[in-house]
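Below is one structure; the comments refer to it alone.
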């Protein structure tokens, strides 16, 4: 994805060919030098940020979402036919709240009890 962004920058004239090649080398060496653990952690970081943006966009369109953990990634891969190079990070439910079955919330402390604005 980053390489596509850099290619777009090159095509738009934001960077020249020398800068583009330097960025590609730097990015490639960053990922190849850090090993598989880093790759996995970075994939989870990126997927989590993408999931957050998906959830915010869904809320903006009137949908409710909830992130889910506690699933078996291997089984999810098998059931959905996901390639070995991909890693399921989280599942997200998407739907509409049944407002008439909402329970009243308990007491919540006022923000001013624990936050000071300076």
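The values are calculated or read from the model by the stated rules, or taken from the named source; none is laboratory data. Values in this document were obtained by computation on a predicted structure and should not be read as measured data. Glycine also receives a Cβ, built like all others from the backbone with ideal geometry; neighbour counts cover every protein chain displayed.
Residues 13, 35: which one is exposed (fewer than 11 other Cβ atoms within 10 Å of the Cβ) and over 23 Å from residue 84 (Cβ atoms)?
On the way: 35 fails: over 23 Å from residue 84 (Cβ atoms).
Criteria check complete, one pass: 13.
Does residue 74 satisfy the condition of being within 30 Å of residue 99 (Cα to Cα) and at pLDDT 90 or above? Let's see the steps before the verdict.
Numbers: within 30 Å of residue 99 (Cα to Cα): no; at pLDDT 90 or above: yes.
Judged against the criteria, residue 74 is not a match.
Restricting to region 65-108, and then to whatever is touching a residue at least 12 places away in the same chain (Cβ under 8 Å) and in a loop (DSSP other than H, G, I, E, B), can you tell me which residue is nearest to residue 47 (Cα to Cα)? So that I can check it myself, show each step before the final result.
Of region 65-108, the ones touching a residue at least 12 places away in the same chain (Cβ under 8 Å) are 65-69, 71, 73, 76, 87-97.
Of the ones still in play, those that are also in a loop (DSSP other than H, G, I, E, B) are 69, 71, 87-90, 96-97.
On the way: 69: 14, 71: 16, 87: 9, 88: 9, 89: 7, 90: 8, 96: 24, 97: 25 Å.
Of everything passing the filter in region 65-108, 89 is nearest to residue 47 (Cα to Cα).
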